[in-house]
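Reviewing the structure listed below.
The values are calculated or read from the model by the stated rules, or taken from the named source; none is laboratory data. Predicted, not measured: the structure shown is a model, and the values here were computed from it. Here the Cβ positions follow ideal geometry from the backbone for every residue, glycine too, while neighbour counts run over all protein chains shown.
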Amino acid sequence: MSNNYFKVIRAGINTTFQDKGRNNLYHIGIPFSGAMDNRNYLLANKLVGNKLDLPAIEFAYQGPLLKFYGDKINIVITGDVVFNIKQKDNKIEGNCYETYQLEHEDEINILSTNKSVYGYLAISGSFDLKLQWGSCSINTKANIGSNDGKKLENDQEIKISNINKNINKKKISYLNSKIENIRIMKGTNFDYFSEEGKKVFLEKEYTVSKLSDRMGMRLEGPKIENVVNTNIKSEGLLKGVIQVPADGNPIIMLSDHGTIGGYPKIAVVASVDYDRLVQISPGSKIKFKEIELSDAETLFKLYEMETQNLLSQI
Amino acid sequence: MIKNISNLGDAALYCDFGAEVNKQINSEVIKYFNTIREKNIKGINNLTPSYNKLIISYDLNLTSFNKIKEEIEKLTQSETSKSISKNLEIPVCCDESFSLDMERLEKKLNLKRDEILENFFNKEFFCYMTGFIAGMPFLGDLDEQMRAQRLETPRVKVPKGSVGMTEQFANIYTFESPGGWNIIGNTPLEVFDSSKQKEPNLINPGDTVKFKQITLEEYKNYNE
């Protein structure tokens, strides 16, 4: 048995293992988690010939610097990411959605995501990780998942097994589409807000705050006036739910959100826009656009067909 | 009974059982929760019961709002009458080192320490829901005279095992976390065990709970 692993030279800002997440645990306080940008996660696994539900490394803003020890392995990066690969004395600029072969002591340096937030690294093999409730996904706030529920740290080793050596070099041309108008449906407390407040929410621009992470995206902008009650009886939350607390600034729940909350729900983001929503970086402006449930369902189907189409081209 | 079903986004059903928070309404929520769990309806991937609401999440690739709504409306009362609740006893130590907010409570409630503890330990609690953080039970109802607001400034770290009170509810911090409840004691019992693949949480919605006061000595020897 050969010994294959990555040594983490620099961990990056928020580098975790993510897969499709865990189901059926909301009622005991555990959210889905899982890859924030599901399409890019799936594309990464497909490009290196993996099963689509294997865990990948997810990074945000600045990614990790990893040194590889072992036999040959193929890797790929998806998202909109600036990275390079050091092979012996050679340094090459990397392209996303294109596989590279690493050899013993090669390094991959993920410098930054470009006007986006999340990127993915997948390998033609599997990371040796423990499942917790059917998923490796790390939720750092609740210390749940593989790697003891913690993000990657400097100097740790990531063991690799089941390397698939019969993988050809693969490449697709794909550009992440950016989005500024986030489509939403009215939430269950939409009528808690004044006519003016509703208008503000649907017509004005909001800025994504720096205080955004895998739990939630905080927005800053014109305040949304509540005329009924700034609290509700605590009830379930979902990813994509937009809550407005007493200060009038909306918060969008993201994949690691708390499962129960007591702020009014003004709206919910349409599933079709979730992958692109999470890629909007702090400081960027967004606007909301209201759509009906039936439109949201149709748009999601089209988005899924597009994802399946991309996967089938690989 | 479900009073109204609406959509919460495009991947969840929002079942409203009424505006009030009481045991009767919550018992209905829990009955539906247990029944739907057992039915394994295609596409449903999460259920979140709370005081008076039940949120049913589904995979939009497998089903849709109308399909799930139809399935839920088919459920009759007789199918939702099964009860699988447990009676639990939770040991709590109220040594000074654990009862972080006892002085505050004495002032706010205008009751003496002994009166607060006597009332608390004689009460039979009902678990309305679990969540917020993994496994945290929301237990009601405290008597009117025992109801205090949460701390003005929440603690950055509430110790694991802390037993707290706010308004009509008691809770247990299943692991160290930020929080604003009035802490009166600590349990040595593992209320949430993340190493368990099945049923990691001890207390489920619908269960009844009685707290039993233990001494510091008993607390220290509890896990031996």
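For the range A:266-307, residues that are within 11 Å of chain B (Cβ to nearest Cβ), in contact with a helix residue (DSSP H, G or I) (Cβ under 8 Å, 6 or more places away or on another chain) and hydrophobic (A, V, I, L, M, F, W, C) total 9. Screening B:Met146, B:Met165, B:Met129 for residues that are within 11 Å of chain A (Cβ to nearest Cβ) and in contact (Cβ under 8 Å) with a residue 24 or more places away in the chain leaves exactly one candidate, B:Met129. The set of residues in the range B:19-31 being in contact with a strand residue (DSSP E or B) (Cβ under 6 Å, 6 or more places away or on another chain) and surrounded by fewer than 22 Cβ atoms within 10 Å (Cβ to Cβ) consists of B:Lys23 alone. For the condition over 23 Å from B:Phe17 (Cβ atoms) and touching a helix residue (DSSP H, G or I) at 6+ places or on another chain (Cβ under 6 Å), A:Pro222 qualifies.
Taking the criterion of being touching a residue at least 60 places away in the same chain (Cβ under 8 Å), of a type outside the set (A, V, I, L, M), away from chain A (no Cβ under 14 Å) and on the phi < 0 side of the Ramachandran plot, would at least one residue in the range B:68-80 satisfy it? Looking for residues that are touching a residue at least 60 places away in the same chain (Cβ under 8 Å), of a type outside the set (A, V, I, L, M), away from chain A (no Cβ under 14 Å) and on the phi < 0 side of the Ramachandran plot, one finds at least one in the range B:68-80, hence yes. Among the residues of the range B:20-36, those that are more than 8 Å from chain A (Cβ to nearest Cβ) and assigned to a loop (DSSP other than H, G, I, E, B) comprise B:Glu20, B:Asn22.
What residue, among those in the range B:37-61 that are more than 10 Å from chain A (Cβ to nearest Cβ) and over 14 Å from A:Leu25 (Cα atoms), is surrounded by the fewest Cβ atoms within 10 Å (Cβ to Cβ)? Restricting to residues being more than 10 Å from chain A (Cβ to nearest Cβ) and over 14 Å from A:Leu25 (Cα atoms), the top hit is B:Asn40. Test A:Gly21 against the criterion of being within 14 Å of chain B (Cβ to nearest Cβ) and part of a loop (DSSP other than H, G, I, E, B), and give yes or no. Spelling it out, A:Gly21 is indeed within 14 Å of chain B (Cβ to nearest Cβ) and part of a loop (DSSP other than H, G, I, E, B).
Where strands (runs of 3 or more DSSP E) sit wholly within the range A:208-265, those with at least 3 residues that are within 14 Å of another protein chain (Cβ to nearest Cβ) and crowded, with 16+ Cβ neighbours inside 10 Å occupy A:241-243.
Entry remark, the range A:132-163: residues being in a helix (DSSP H, G or I) and more than 20 Å from B:Glu199 (Cβ to Cβ) number 2 in total.
Of the residues B:Ser27, B:Ser99, B:Ser57, B:Ser50, the single one that is assigned by TED's automatic domain parsing to the domain that holds B:Lys210 and either of a type outside the set (A, V, I, L, M, F, W, C) or under 18 Å from the mean Cα position of the chain (by Cα) (or both) is B:Ser99. Restricting the range B:1-18 to residues that are more than 8 Å from chain A (Cβ to nearest Cβ) and of a type in the set (A, V, I, L, M, F, W, C), the residue that is surrounded by the most Cβ atoms within 10 Å (Cβ to Cβ) is B:Cys15.
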